[in-house]
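Asks: The following block contains the structure, expressed as structure tokens.
What follows is calculated from the coordinates using simple rules that are stated; it is not laboratory data. What you see is a predicted model, and the numbers here were worked out from it, not measured in a lab. Cβ: placed from backbone, ideal geometry, glycine included. Neighbour counts: every protein chain shown.
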Amino acid sequence: MNAAPALWHRHAAFAYGAVFIGVIGHATTEFVQVLSGVAGPELSVWRFTLGAVGLVIVCLAIPGARDLWTPLREAFVPIVTLSLLGFAIAYLAFHWALDFASVPQVATTVTTIPIFLALINLWRNGQPIGWLKWVTGIAALVGIALLITDGALTQLAGDGRNLFGVFLALVCALFVGGFMIFAKPYFARYGALRMTTIAIVITAVGLWFGVGLFFGRWVDFTTMATMPAGQITALVTIGFFNTTITQWFWLGGLAAAPDITRAAYLFFLKPVIAAVLALWILQQAVTPMEWLAIVIICGAVAFEALWPRLAGRFGRRAEAGS
């Protein structure tokens, strides 16, 4: 395990901070995606392939992370299975969902990842979901729906075709949430950087074949040599920043966090960060309904994160008064 993830394991604040940096990377992906000139499933191939290259380079530069073969030799089947289900199939489902459902429908549905993670953690590890997590999770999800639709919740309704897209988005959320619960022991054993690298490399290969077989788009990476400079810059950014760094910090931080459910709730902030960046970079106006939604989401996440400290303080006051 290299120095950064070791620090994440020793200090909870650094683990949650790493997750937050990862969420920022997720939130900025859409901005770079527009500049890349590539859309849909094909973009996922470019993104994860370049991200895999970046992670391998990082591993080779760090002596303690160079051995990528040992984890596969010792746990080949579970690691490959988790990578293909948790990321390759999940991201195929996500991009395919956009062919059937609207962006607000897919975006709202995918943000259920923390809820699925909490449910799977309850089933797998017996980690209870307290009433507070239910309340704050539902509140955050409602706030996200308001933010994305600007209060017009009817945008989330649709016909049978839309429902199939929502189902695919749910598959994505379920598999990503499950990946972190089932993969956490391997992250602890082999280190966040090595496991993230192995998972993303397997995902890149799986996506290349999957997109080729299911969508008929066999991505030719040699075409990058003829792309305009701006498009190359965007693809490199989405590969190295939005994937290499983002996935390392997000997955590593989740694996190191003492309460993985609480850490996952930071993912609810993704649309808030995207809205703030749109305001700052694109000069897009934020409506009163969107500001209300931002307050609801941030308030729910902050209250859940601060609850242990608040509960302890209230408990001490109660004991002092008794």
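Asks: Residue by residue, what Karplus-based ³J(HN,Hα) values in Hz, rounded to whole numbers, does segment 76-93 have, using 6.51, -1.76 and 1.60 with θ = phi - 60° and x for Gly and Pro?
Replies: In residue order, the calculated couplings are 4, 4, x, 5, 5, 4, 4, 5, 5, 6, x, 10, 4, 5, 4, 6, 4, 4 Hz.
Asks: For residue 185, what is the net charge nearby, where nearby means another residue's Cβ is under 14 Å from its Cβ and Lys, Arg count +1, Asp, Glu -1?
Replies: +3
Asks: Which of 193, 308, 87 sits farthest toward the positive end of the charge dipole of the chain, with +1 on the Cβ of Lys and Arg and -1 on the Cβ of Asp and Glu?
Replies: The residue sitting most towards the positive pole is 308.
Asks: Find, to one decimal place in angstroms, the Kirkwood hydrodynamic radius of the chain, where the mean of 1/r is taken over every pair of different Cα atoms and then inverted.
Replies: After inverting the mean inverse Cα-Cα distance, the result is 20.4 Å.
Asks: Can you list residues from other chains, or at least 5 along the same chain, whose modelled amide H is less than 5 Å from the amide H of residue 102?
Replies: So residue 102 has HN proximity to no qualifying residue.
Asks: Can you give the calculated 222 nm mean residue ellipticity of the chain, where each DSSP H run of n ≥ 4 adds -39,500 (n - 2.57) and the sum is split over every residue, rounded to the nearest 500 deg cm²/dmol?
Replies: My calculation for the chain gives -25000 deg cm²/dmol from helical runs alone.
Asks: Another one. Taking the Cβ of residue 116 as the centre, find all other residues whose Cβ is under 14 Å away and add up their charges (Lys, Arg: +1; Asp, Glu: -1).
Replies: Cβ neighbours under 14 Å give a net charge of +2.
Asks: About the Cα centre, and with charges only on the beta carbon of Lys, Arg (+1) and Asp, Glu (-1), how big is the dipole of the chain? Nearest 20 debye, please.
Replies: 920 debye
Asks: Further question on the same structure: Report the one residue of 183, 246, 167 whose Cα lies farthest in the direction of the positive end of the charge dipole of the chain (charges on C-beta: Lys and Arg +1, Asp and Glu -1; origin at the Cα centre).
Replies: Working it through, the farthest residue towards the positive pole turns out to be 183.
Asks: Let me ask something else about it. Compute the distance in nm between two label points, each set 7 Å from the Cα along the Cα-to-Cβ direction, one at residue 306 and one at residue 287.
Replies: 2.9 nm
Asks: So what are the ³J(HN,Hα) numbers for segment 114-122, from phi and the Karplus equation (6.51, -1.76, 1.60; θ = phi - 60°), rounded to whole Hz, Gly and Pro as x?
Replies: Going residue by residue, I get x, 5, 5, 4, 5, 5, 5, 5, 5 Hz, with x marking Gly and Pro.
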